[in-house]
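Asks: Questions regarding the structure given below will be posed in turn.
The values are calculated or read from the model by the stated rules, or taken from the named source; none is laboratory data. Source: prediction; values computed, not measured. Cβ placement follows ideal geometry from the backbone for every residue including glycine, while neighbour counts extend to all protein chains displayed.
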Amino acid sequence: MDWKRLFNLEETQVLGLDIGSSSVKIVQLRKDNSGYVVTAAGIADIANGMEANQKHKEVNTVRAIRECLQSSGVQTQLAVCGVCGSEVAVRYFKFPLLPPEEVQGAVLLEAAQVCPFSIDDSAVDYQLIPNGEDSICGVLVAATNKLIERKVRLAKHASFDCVLMDVDGLALLNCLSEYEKAEAGQTTAILSIGSSYTTLAIMGANALPFIRDIPYAGKAIIKEIADEKGVSTEAVKETLFSCENPAEPEIELGDSLERACQKLIVDVTETLRYYTAQEKSATVEKIFVCDGFALAKGFVELLDSRLPARTVLWNPFDRIHCDADQNCRDILQKNGPAMAVATGLAMRSI
């Protein structure tokens with residue numbers, strides 16, 4: 001199923017703008033006969049990403065988006081943004097046959113029953129999937145207006161026009177399906193570990209996506225290690241990511257990373273078991289790991305040893321050609337796995 005066309009709008013060039021809680025990523029693509037080509041990319045950290053004051057954090061986020069805009073050399077300011085977290089829901093549904101004019105009402109009723117937030121203050125969209133049966137099958141997506149408006153506002157203040165809103169998990173599945181063709185009958189998953197959320201996205205043989213956002217990710221893992229070791233979170237970051245000019249000496253992690261990741265490992269394992277039970281026989285055989293925390297020293301190897309499926313680091317730019325300057329190439333070489341969501345967003349067409 002092509003999740004790149006939830007809306008039937010005229011095609012024009014857009015870029016993927018991934019506004020996270022600790023960094024901002026931009027990717028612009030061009031599609032030719034051989035596939036997608038990177039024409040621009042940028043990444044910038046959000047200063048004081050732990051900032052509790054929402055107003056200050058938004059100012060710092062806008063500054064980071066502008067830094068990306070200036071350094072990346074993008075050719076358009078039409079952006080596709082993504083949302084994830086507890087204010088987003090992706091669910092599939094199956095109804096008896098209904099007249100076309102009744103489908104939307106049925107979807108809204110279903111959304112009100114299955115989404116963990118008020119549908120009255122949310123945006124809901126859906127896509128029907130032909131199933132060859134006497135029923136209506138599809139996927140609904142819902143997100144709170146508050147979350148969507150915040151992303152749109154941040155983009156606008158940084159001189160971008162957010163023309164389309166996507167879901168991070170669906171963007172990841174788009175990107176994965178473009179370049180990692182699963183074998184017949186094989187089920188694969190993406191595990192995207194950001195700063196605040198971990199997104200587990202699965203696409204089975206039935207072409208229906210399964211998305212779960214887990215509120216335990218890089219920031220919480222780093223804090224757990226820092227608290228255990230009695231050191232600063234910056235010291236832990238510098239150790240995990242092998243900074244070139246560390247402000248503090250590296251610390252001996254020992255088994256601290258494994259202990260700090262235990263909650264995440266349990267959550268992912270239980271989610272995989274739930275998915276297998278729901279789909280009866282769709283056991284996930286391979287997990288692609290991406291986003292910023294995937295680059296932490298020893299992290300993917302730890303997951304591979306503890307999760308019930310082969311787990312590998314995923315860099316979409318191993319397959320996507322870059323037709324940009326050396327600065328862009330350096331960014332993709334160093335931060336490729338962290339740019340996966342932005343890449344999936346950039347693959348959307350309008």
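Rundown of residues vs (1) within 19 Å of the chain's Cα centre (by Cα); (2) within 27 Å of residue 93 (Cβ to Cβ); (3) assigned to a helix (DSSP H, G or I); (4) outside the structural domain of residue 23 (by TED's automatic domain parsing), yes/no style:
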residue: 259; (1), (2), (3), (4): no, no, yes, yes
residue: 266; (1), (2), (3), (4): no, no, yes, yes
residue: 273; (1), (2), (3), (4): no, yes, yes, yes
residue: 277; (1), (2), (3), (4): no, yes, yes, yes
residue: 282; (1), (2), (3), (4): no, yes, no, yes
residue: 286; (1), (2), (3), (4): yes, no, no, yes
residue: 289; (1), (2), (3), (4): yes, no, no, yes
residue: 302; (1), (2), (3), (4): no, no, yes, yes
residue: 305; (1), (2), (3), (4): no, no, yes, yes
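Asks: Scan the range 72-82 residue by residue and report those that are under 16 Å from residue 19 (Cα atoms) and surrounded by fewer than 22 Cβ atoms within 10 Å (Cβ to Cβ).
Replies: Passing the criteria: 77, 78.
Asks: Further, regarding this structure: Inside the range 318-337, can you point out the residues that are within 20 Å of residue 194 (Cα to Cα) and either outside the structural domain of residue 31 (by TED's automatic domain parsing) or among the small types (Gly, Ala, Ser) (or both)? It would help to see each step written out before you state the result.
Replies: Let us first name the residues in the range 318-337 that are within 20 Å of residue 194 (Cα to Cα), namely 331-337.
Once the filter is applied, which keeps residues that are within 20 Å of residue 194 (Cα to Cα) and either outside the structural domain of residue 31 (by TED's automatic domain parsing) or among the small types (Gly, Ala, Ser) (or both), the range 318-337 yields only 336.
Asks: Within the group 158, 142, 123, which residue is among the aliphatic types (A, V, I, L, M), at pLDDT 95 or above and more than 28 Å from residue 275 (Cβ to Cβ)? Quick ask: steps written out before the conclusion?
Replies: Working: 142 fails: more than 28 Å from residue 275 (Cβ to Cβ); 123 fails: more than 28 Å from residue 275 (Cβ to Cβ).
Just one listed residue meets the conditions, 158.
Asks: Name, by its number, the condition in (1) within 20 Å of residue 107 (Cα to Cα); (2) assigned by TED's automatic domain parsing to the domain that holds residue 250; (3) of a type outside the set (Gly, Ala, Ser) that does not hold for residue 137.
Replies: (2)
Asks: Checking the condition within 20 Å of residue 215 (Cα to Cα) and of a type in the set (Val, Ile, Thr), which residue from 265, 251 passes?
Replies: So the residue among 265, 251 that is within 20 Å of residue 215 (Cα to Cα) and of a type in the set (Val, Ile, Thr) is 265.
Asks: Those residues that are more than 16 Å from the chain's Cα centre (by Cα), in contact (Cβ under 8 Å) with a residue 40 or more places away in the chain and over 18 Å from residue 347 (Cβ atoms), I need them from the range 15-54; list them, please.
Replies: Start the filter on the range 15-54 by keeping residues that are more than 16 Å from the chain's Cα centre (by Cα), which leaves 28-42, 44-54.
When the remaining residues are screened for being in contact (Cβ under 8 Å) with a residue 40 or more places away in the chain, the result is 28-30, 34-42, 49-50.
Answer for the range 15-54, where residues must be more than 16 Å from the chain's Cα centre (by Cα), in contact (Cβ under 8 Å) with a residue 40 or more places away in the chain and over 18 Å from residue 347 (Cβ atoms): 49, 50.
Asks: Moving on. Looking at 291, 325, 304, can you tell me which residue is touching a residue at least 40 places away in the same chain (Cβ under 8 Å), acidic (Asp, Glu) and touching a strand residue (DSSP E or B) at 6+ places or on another chain (Cβ under 8 Å)? Quick ask: steps written out before the conclusion?
Replies: Values: 325 fails: touching a strand residue (DSSP E or B) at 6+ places or on another chain (Cβ under 8 Å); 304 fails: touching a residue at least 40 places away in the same chain (Cβ under 8 Å).
Only one candidate qualifies: 291.
Asks: Just one of the numbered conditions (1) in a helix (DSSP H, G or I); (2) without any contact (Cβ under 8 Å) to a residue 40 or more places away in the chain; (3) closer than 27 Å to residue 283 by Cα is not true of residue 178; which one?
Replies: Condition (2) is where residue 178 drops out.
Asks: Further question: Select from the range 213-232 the residues that are among the basic types (Lys, Arg) and either within 13 Å of residue 194 (Cα to Cα) or crowded, with 17+ Cβ neighbours inside 10 Å (or both) and list them in ascending order.
Replies: Initially, the range 213-232 is screened for residues among the basic types (Lys, Arg), giving 219, 223, 229.
219 - this is the single residue of the range 213-232 that is among the basic types (Lys, Arg) and either within 13 Å of residue 194 (Cα to Cα) or crowded, with 17+ Cβ neighbours inside 10 Å (or both).
Asks: Any residue at all in the range 117-130 that's loosely packed, with under 12 Cβ neighbours inside 10 Å, in contact (Cβ under 8 Å) with a residue 40 or more places away in the chain and within 23 Å of residue 206 (Cα to Cα)?
Replies: Of the residues in the range 117-130, the ones loosely packed, with under 12 Cβ neighbours inside 10 Å are 118, 120-121, 130.
Okay, now just the ones that are also in contact (Cβ under 8 Å) with a residue 40 or more places away in the chain, so none.
The answer is no, given that none of the residues of the range 117-130 is loosely packed, with under 12 Cβ neighbours inside 10 Å, in contact (Cβ under 8 Å) with a residue 40 or more places away in the chain and within 23 Å of residue 206 (Cα to Cα).
Asks: Output yes when any residue across the range 161-180 is surrounded by fewer than 18 Cβ atoms within 10 Å (Cβ to Cβ), modelled with pLDDT of 95 or more and among the charged types (D, E, K, R), and no when none is.
Replies: Yes, the conditions are met somewhere in the range 161-180.
Asks: Related question: How many of the residues in the range 47-101 are closer than 30 Å to residue 133 by Cα, in a loop (DSSP other than H, G, I, E, B) and of a type in the set (Ser, Thr, Tyr)?
Replies: Looking only at the range 47-101, we keep the residues that are closer than 30 Å to residue 133 by Cα, and these are 88-101.
Of the ones still in play, those that are also in a loop (DSSP other than H, G, I, E, B) are 97-99.
Next, from what is left, pick out any that are of a type in the set (Ser, Thr, Tyr): none.
Final tally of qualifying residues: 0.
Asks: For the range 132-158, how many residues are outside any helix (DSSP H, G or I) and in contact (Cβ under 8 Å) with a residue 24 or more places away in the chain? Lay out the reasoning, then the answer.
Replies: Start the filter on the range 132-158 by keeping residues that are outside any helix (DSSP H, G or I), which leaves 132-144, 158.
Now restrict to residues that are in contact (Cβ under 8 Å) with a residue 24 or more places away in the chain: 134-144, 158.
Of the residues in that region, 12 qualify.
Asks: Something else: Assess whether residue 209 counts as being in contact (Cβ under 8 Å) with a residue 60 or more places away in the chain and surrounded by fewer than 19 Cβ atoms within 10 Å (Cβ to Cβ).
Replies: So residue 209 does not fit the description; no.
Asks: Right, residue 29: surrounded by fewer than 17 Cβ atoms within 10 Å (Cβ to Cβ), aliphatic (A, V, I, L, M) and not in a loop (DSSP other than H, G, I, E, B) or not? Break it down stepwise before answering.
Replies: Working: surrounded by fewer than 17 Cβ atoms within 10 Å (Cβ to Cβ): no; aliphatic (A, V, I, L, M): yes; not in a loop (DSSP other than H, G, I, E, B): yes.
When the stated conditions are applied, residue 29 does not pass them.
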